[in-house]
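The values are calculated or read from the model by the stated rules, or taken from the named source; none is laboratory data. No experiment lies behind these values; they were computed from the predicted model shown. Note: ideal-geometry Cβ built from the backbone for every residue, glycine included; neighbour counts use all protein chains shown.
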Amino acid sequence: MHNLKRLAMTASLLERVDEARHHNPEMPKGFDLGRWDCGTAACAVGHAIHDLAHQIEGLQSVPLPLELNRGRLSPFFDGKQGWPAVKAFYGLTLGEALHLFGGPFYEPSERTDAMAVAKRIQAFVAAHDRELVPA
């Protein structure tokens, strides 16, 4: 089942990503859905793993395996890493996770625009929130 609360929390973080960076020096300095380099220009989930509210919900990070690791981190949740962790944390299918967080599923100009990602997440939450309301 979709975790709309966590999705909305991520959208809210992305709306205020510049402010969040100011208050948390660990937060990545840039935004780029094309990179899972959570120490520099990070994707939406890369920002979420550095956010206290997401950490309280259980989203963590782990270093990538040594052969891939150049200071990079990967999302970790409920014993899962990478896309399986993203799916589990947000209650999404792989297709939904890729639609919301996958760089190739955005126009090139949107891949570095945190607000474009926030808006897509908000639209997803709104559509699924209506599905939960009894007629």
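For the stretch 110-135, the tally of residues that are farther than 16 Å from ALA11 by Cβ and at pLDDT 85 or above stands at 0. Among the residues making up the stretch 70-92, a single one is within 11 Å of VAL45 (Cα to Cα) and surrounded by fewer than 16 Cβ atoms within 10 Å (Cβ to Cβ): GLY82.
Can you confirm whether the stretch 84-100 contains a residue that is part of a loop (DSSP other than H, G, I, E, B) and within 16 Å of ALA11 (Cα to Cα)? There is at least one residue in the stretch 84-100 that is part of a loop (DSSP other than H, G, I, E, B) and within 16 Å of ALA11 (Cα to Cα). Take the stretch 103-132 and flag every residue that is surrounded by 18 or more Cβ atoms within 10 Å (Cβ to Cβ) and either within 19 Å of GLN60 (Cα to Cα) or among the hydroxyl-bearing types (Ser, Thr, Tyr) (or both). The answer is TYR106, and nothing else.
Restricting the search to helices (runs of 4 or more DSSP H) fully inside the stretch 5-64 and requiring at least 3 residues that are β-branched (Val, Ile, Thr), on the phi < 0 side of the Ramachandran plot and modelled with pLDDT of 75 or more gives an empty result.
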